[in-house]
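Trainee: Got a structure for you, questions after.
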Amino acid sequence: MNSKRYSVGNMRTKKDMRFYLGIMRDQEKNTFAGVVLHKAEWFLGKADSDDFEVTRKWKAASPPVAGECFCNAKKFCLGCPEARYFEGFYLIAGFPIHHAWNVLDGKVVDFTFEQVNREMLEERGYCETLYPLYYGLEVPRESLTDSQDPVAEAYFAKRM
């Protein structure tokens, strides 16, 4: 892969993410999108959850559920002291989607993304795996609960 070309494409994607989050903030009055625009970290790509022993063990004991990113990521973080929990947006098919994931050893671990890909592969026989782009905020472990709901918006609203 031509790294210069990849880098230019990635900058366009970051620009797209900022553009859509600006629309969400301004036209839809989405305050969380505004917080993300000003305080978030970028993550490009992800590690395979099978790369870590702790994630392999967790998946065997608590299989992730497709469509439940907040629950999957919080449960893992609450059970793994080295994991960090992030909420923000994941850019897929050109549009940002509110999402949650974990960071372990500086790498994104996204159980939900992997589970959705597995299910699509089983159902359709193929799955397009992209280089995911994540833009989010870390939520401290002490603010997490085991609910299925996002927590970052409420957490950061109290601190603004």
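All of the numbers you see were taken from the coordinates with simple rules; none came from a lab. In this text, all values refer to a predicted model and were calculated from it rather than measured experimentally. So basically every Cβ, Gly included, is an ideal-geometry build from the backbone, and we count neighbours across all protein chains shown.
Trainee: Compute the signed sum of charges (Lys and Arg +1, Asp and Glu -1) over the other residues within less than 10 Å, Cβ to Cβ, of P132.
Mentor: Its environment carries a net charge of 0.
Trainee: Let me ask another. What's the exposure ranking of F43, F86, going from fewest to most Cβ atoms within 10 Å?
Mentor: Neighbour counts put them in this order, fewest first: F43, F86.
Trainee: As a quick test, which of the pairs K46/K75; K14/K107; K29/K158; K15/K39; K14/K46; K15/K158 have an alpha carbon distance above 21 angstrom in this structure?
Mentor: K15/K158
Trainee: To continue, here is another question. Give the whole-number value, in cubic angstrom per residue, of the convex hull volume spanned by the C-alpha atoms of the chain.
Mentor: In the chain, the Cα convex hull volume per residue is 128 Å³.
Trainee: Let me ask something additional. Per the Cauchy relation, a quarter of the hull surface: what is the mean projected area of the convex hull of the alpha carbons in segment 50-110, in nm²?
Mentor: Answer in nm², one decimal: 4.3.
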